[in-house]
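Working notes for the structure below.
The values are calculated or read from the model by the stated rules, or taken from the named source; none is laboratory data. A quick note: this is a predicted structure, and the numbers were derived from the prediction, not measured. Cβ: placed from backbone, ideal geometry, glycine included. Neighbour counts: every protein chain shown.
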Amino acid sequence: MTRSAPPGGGVSAAGVGVTRLDRVEQTPGPAGPPLTPRTAVVWSVLRAELDRRPAAELTVLDVGGGTGGFAVPLARAGHRVTVVDASPDALAALSRRAAEAGVAGRVRAVQGDADALAGLIEPASVDLVLCHAVLEVVDEPAPVVSALAGVLRPGGAASVLVAGRAAAVLGRAMNGHLDVAATLAADPVGTAGERDTLRRRFDVEGAAALLAAAGLTVEEIHGVRVLADLLPAAVADGQAAALVELERTLAAQPPWRDVAAQLHLFARRPA
Ligand SMILES: C[S@@+](CC[C@H](N)C(=O)[O-])C[C@H]1O[C@@H](n2cnc3c(N)ncnc32)[C@H](O)[C@@H]1O
């Protein structure tokens, strides 16, 4: 399974012609994580990147990688993975998970803050950097994204997953919290005030602009969990495979992409 090299040009935030999921494998292979609405689209994009250099042992950095949901499968696929995370508990769970998977020697756990990434990781040393579900909680996303770009080798790739603003508005409204939905929709950074667990949420244009401002070329944008959070559990659980397939179909297509619970941006540091 291979895919063609990514196009040289970037992708507009409007998302024209962004999907290549139809060209990648439909199953994760023995080293991949289980495919769920939460992981299937991201894993497909990552897998396609790994398959560009099938024999290479890549240097991977997972910023805010938590307990290793992506780090351990990437290590099992033969790559060297460093996880930088602020939580000692998460890193302890990561180390246990890596040991159980037999890849402790390929996973390095570093306790640290994403805001201080530039002081933790050597510049231009990483082939693939992941930053999933982190930019919505850090103090300032722009310096973190700049640090992500700085640790990448020229030609290296970034996988960035952020919370979607539109989904949060729809979700609150559907649960009957119209006041919270209105606050979220009106708030400049997409939060529902001080009690919100997230510091910001993103739309496609804003997230793409954030990466572009750090010198990254955005190649692909997908929505993650377009439908999954909106469905009754009986439907999501009872038709799990069909849901994953439908999520994959909708992931790259506006307007579905743009109302997903999370937005996945795949970007590259120019060679
Ligand atoms: C929502 S979890 C996401 C975990 C993983 N990336 C994923 O997508 O499954 C957020 C992770 O980021 C870590 N985190 C939060 N703020 C951080 C910061 N400023 N620097 C480093 N890690 C941070 C948390 O400890 C947690 O493990």
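Tabulated data
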{"read-out": "Candidate set from region 142-189 (those that are more than 18 Å from the chain's Cα centre (by Cα) and of a type in the set (Lys, Arg)); member that is farthest from residue 50 (Cα to Cα)", "value": "172"}
{"read-out": "Hits in region 116-139 - residues which are of a type outside the set (A, V, I, L, M) and modelled with pLDDT under 95", "value": "119, 139"}
{"read-out": "So residue 106, is it in contact with a Ser or Thr (Cβ under 9 Å, 6 or more places away or on another chain) and either more than 23 Å from residue 36 (Cα to Cα) or of a type outside the set (Val, Ile, Thr) (or both)", "value": "no"}
{"read-out": "Filter result for residue 200 (charged (D, E, K, R), over 15 Å from the mean Cα position of the chain (by Cα), closer than 26 Å to residue 130 by Cα and not in a helix (DSSP H, G or I))", "value": "yes"}
{"read-out": "Exclusive hit being buried (at least 16 other Cβ atoms within 10 Å of the Cβ), out of contact with any Cys (no Cβ under 7 Å at 6 or more places or on another chain) and not acidic (Asp, Glu), set 137, 110, 145", "value": "145"}
{"read-out": "Odd one out for residue 44, checked against (1) modelled with pLDDT of 50 or more; (2) surrounded by 21 or more Cβ atoms within 10 Å (Cβ to Cβ); (3) more than 16 Å from the ligand (Cβ to nearest atom); (4) not basic (Lys, Arg)", "value": "(3)"}
{"read-out": "Hits in region 64-77 (condition: touching a helix residue (DSSP H, G or I) at 6+ places or on another chain (Cβ under 8 Å) and among the small types (Gly, Ala, Ser))", "value": "64, 65, 66, 68, 71, 75, 77"}
{"read-out": "Residue check for residue 162: in contact with a Phe, Trp or Tyr (Cβ under 6 Å, 6 or more places away or on another chain), touching a residue at least 40 places away in the same chain (Cβ under 8 Å) and within 16 Å of the ligand (Cβ to nearest atom)", "value": "yes"}
{"read-out": "Residue, farthest from residue 62 (Cα to Cα), within region 159-184, restricted to residues that are part of a helix (DSSP H, G or I), among the aliphatic types (A, V, I, L, M) and in contact with a Lys or Arg (Cβ under 8 Å, 6 or more places away or on another chain)", "value": "178"}
{"read-out": "Helices (runs of 4 or more DSSP H) lying entirely in region 48-158 (those with 3 or more residues that are in contact with an Asp or Glu (Cβ under 8 Å, 6 or more places away or on another chain) and either under 29 Å from residue 200 (Cα atoms) or away from the ligand (no atom under 11 Å from the Cβ) (or both))", "value": "141-151"}
